[in-house]
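Asks: After the structure tokens below, expect a handful of questions from me.
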Amino acid sequence: MPFVPDILQHRSLSIVGLEKNTGKTVCLNYILHRLNELHVPVGVTSIGVDGEQIDSVFATAKPEIILYEGTRFITSEQHYLKRQLVSCIEHVDSRRTALGPLVTARVLVRGKALLSGAATTSILRHQIEQLDSMGCRLSIVDGALSRLSLASPTVTEALILATGAAVSANLKQLVARTRFLHDLICLDEVEPTLRERLNTIESGIWGIGGDGLPHDLGIASVFLIDQSSNNLLRFGTRLFAAGAVSDRLLKALSSCGKDICLIARDFTKLFITPEAYHEFLRRGNRVMVLQRSRLIAVTLNPTSPQGFLLDSHTACSALSDALQTPVYDVMKI
């Protein structure tokens, strides 16, 4: 059972797709099936909508989510009413979504369900705590690239990245795009003492002095960076961006010199292009994070919704070699 033992070392897991139709639901079903065989109590929810029979963009058939006896799941009221299983409601959240309140239920007889969950990471964190208090050994969050915040290490302890032919039917491009996100996920962490000092800072760009203490540079947003680029390094070559990091910031720092270390909160705060990132590194700089995400595995869907098909073995091998991370086609496990 590849990567399932690694999953069980954590209390929460997110499954993130590099694009739509990269096999998140197939991966989720594989994990739920294996954990059911091991009699592991599981809770599951989603950011977005997962489990539809038909893809809303490509009008192609999609795998449905299968939930087993004892599994707890969180979904909106509208989607709960469409379930094809027997369950009992254990909690109804007073906070409403566009699809009604969020319902937490326990499966009594296995079947299929649509999942649509929290709209914010704060609600999601609360739901994971709730599932944990109900006895779930593992909470799984199904997500999407457009909502990478759910994969933040401040929300879930570990993640699985789903990629595939939907990203690109060209294997070289697929490897390059997957490797870029993989490299961001696996950025090095700063030392624990510095992380503790920076964790409570909520906004702005800060310089870190030789004494290891942060100093406010008076820049509230990266959009104001051009007005202050001449003074960015007045406290040293290490800087912390408390919010989002964009190409604008990387380019401004690149013009200031080399040996610069930019620290982000985690990889989900990096809204940067491969071109800007690699140019920043080429100039002798580096990017680090306060907290690194624990990547369990990368999964591959070799089929695209347009009908392109990659050779599964070749693609998995190429990705695994490039990432130095196990890559699986769960349909072939």
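Asks: Would you check if there is a residue in region 130-140 being assigned to a helix (DSSP H, G or I), in contact (Cβ under 8 Å) with a residue 40 or more places away in the chain and either surrounded by 23 or more Cβ atoms within 10 Å (Cβ to Cβ) or assigned by TED's automatic domain parsing to the domain that holds residue 262 (or both)?
Replies: The answer is yes, given that some residue of region 130-140 is assigned to a helix (DSSP H, G or I), in contact (Cβ under 8 Å) with a residue 40 or more places away in the chain and either surrounded by 23 or more Cβ atoms within 10 Å (Cβ to Cβ) or assigned by TED's automatic domain parsing to the domain that holds residue 262 (or both).
Asks: Hey, can you tell me all the residues within region 229-258 that are over 26 Å from the mean Cα position of the chain (by Cα) and in a loop (DSSP other than H, G, I, E, B)?
Replies: 232, 233, 234, 235, 236, 237, 255, 256, 257, 258, listed by residue number.
Asks: I've got another one for you. Would you mind telling me which numbered condition in (1) at pLDDT 90 or above; (2) closer than 20 Å to residue 293 by Cα residue 83 fails?
Replies: It fails just one condition, (2).
Yes/no matrix, rows are residues, columns are (1) in contact with a Pro (Cβ under 8 Å, 6 or more places away or on another chain); (2) at pLDDT below 90:
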| site | (1), (2) |
| --- | --- |
| 108 | no, no |
| 116 | no, yes |
| 119 | no, yes |
| 122 | no, yes |
| 133 | no, no |
| 137 | yes, no |
| 140 | no, no |
| 143 | no, yes |
| 146 | no, yes |
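Asks: Looking only at region 99-128, which residues are part of a loop (DSSP other than H, G, I, E, B) and either among the basic types (Lys, Arg) or in contact (Cβ under 8 Å) with a residue 12 or more places away in the chain (or both)?
Replies: Answer for region 99-128, where residues must be part of a loop (DSSP other than H, G, I, E, B) and either among the basic types (Lys, Arg) or in contact (Cβ under 8 Å) with a residue 12 or more places away in the chain (or both): 99, 114, 117, 118, 119.
Asks: Of the residues that make up region 301-313, is at least one within 28 Å of residue 156 (Cα to Cα) and aliphatic (A, V, I, L, M)?
Replies: No - not one qualifying residue is present in region 301-313.
Asks: Something else about it: Go through (1) without any contact (Cβ under 8 Å) to a residue 24 or more places away in the chain; (2) in a helix (DSSP H, G or I); (3) surrounded by 14 or more Cβ atoms within 10 Å (Cβ to Cβ) and name the single condition residue 177 misses.
Replies: Condition (1) is where residue 177 drops out.
Asks: Among the residues of region 272-279, are any touching a residue at least 60 places away in the same chain (Cβ under 8 Å), outside any loop (DSSP other than H, G, I, E, B) and either of a type in the set (D, E, K, R) or not assigned by TED's automatic domain parsing to the domain that holds residue 8 (or both)?
Replies: yes
Asks: Right, next: On the given criteria, is residue 207 modelled with pLDDT under 90 and in a strand (DSSP E or B)?
Replies: no
Asks: State all residues of region 91-112 that are within 16 Å of residue 65 (Cα to Cα), surrounded by fewer than 19 Cβ atoms within 10 Å (Cβ to Cβ) and either over 26 Å from the mean Cα position of the chain (by Cα) or not assigned by TED's automatic domain parsing to the domain that holds residue 130 (or both); if no residue qualifies, say none.
Replies: 108, 109, 110, 111
Asks: Listed residues 183, 226; which is part of a helix (DSSP H, G or I), modelled with pLDDT under 90 and either touching a Leu at 6+ places or on another chain (Cβ under 8 Å) or more than 24 Å from residue 124 (Cα to Cα) (or both)? Spell out how you get there, then give the answer.
Replies: Working: 183 fails: modelled with pLDDT under 90.
Of 183, 226, the one residue that is part of a helix (DSSP H, G or I), modelled with pLDDT under 90 and either touching a Leu at 6+ places or on another chain (Cβ under 8 Å) or more than 24 Å from residue 124 (Cα to Cα) (or both) is 226.
Asks: Another one. May I ask you to verify whether residue 308 is within 20 Å of the chain's Cα centre (by Cα) and more than 19 Å from residue 237 (Cα to Cα)?
Replies: The answer is no for residue 308.
Asks: Ok, one more. Only one residue in 290, 250, 232 is out of contact with any Phe, Trp or Tyr (no Cβ under 7 Å at 6 or more places or on another chain), buried (at least 21 other Cβ atoms within 10 Å of the Cβ), within 24 Å of residue 191 (Cα to Cα) and modelled with pLDDT under 95. Which one?
Replies: 232
Asks: What strands (runs of 3 or more DSSP E) completely inside region 18-79 contain at least 1 residues that are more than 21 Å from the chain's Cα centre (by Cα) and modelled with pLDDT of 80 or more?
Replies: 65-67, 72-76
Asks: OK, next. Any residue in region 76-88 that is among the small types (Gly, Ala, Ser) and in contact with a helix residue (DSSP H, G or I) (Cβ under 9 Å, 6 or more places away or on another chain)?
Replies: Checking region 76-88: at least one residue is among the small types (Gly, Ala, Ser) and in contact with a helix residue (DSSP H, G or I) (Cβ under 9 Å, 6 or more places away or on another chain).
Asks: Looking for whichever is surrounded by 13 or more Cβ atoms within 10 Å (Cβ to Cβ), free of Cβ contacts under 8 Å to residues at least 60 places away in the same chain and within 18 Å of residue 283 (Cβ to Cβ) here; the options are 205, 201, 225. Which one fits?
Replies: 225
Asks: If you go through region 296-333 one residue at a time, how many are among the aromatic types (Phe, Trp, Tyr) and surrounded by fewer than 18 Cβ atoms within 10 Å (Cβ to Cβ)?
Replies: 1
The values are calculated or read from the model by the stated rules, or taken from the named source; none is laboratory data. Keep in mind the model is a prediction, meaning the values are calculated, not measured. Cβ: placed from backbone, ideal geometry, glycine included. Neighbour counts: every protein chain shown.
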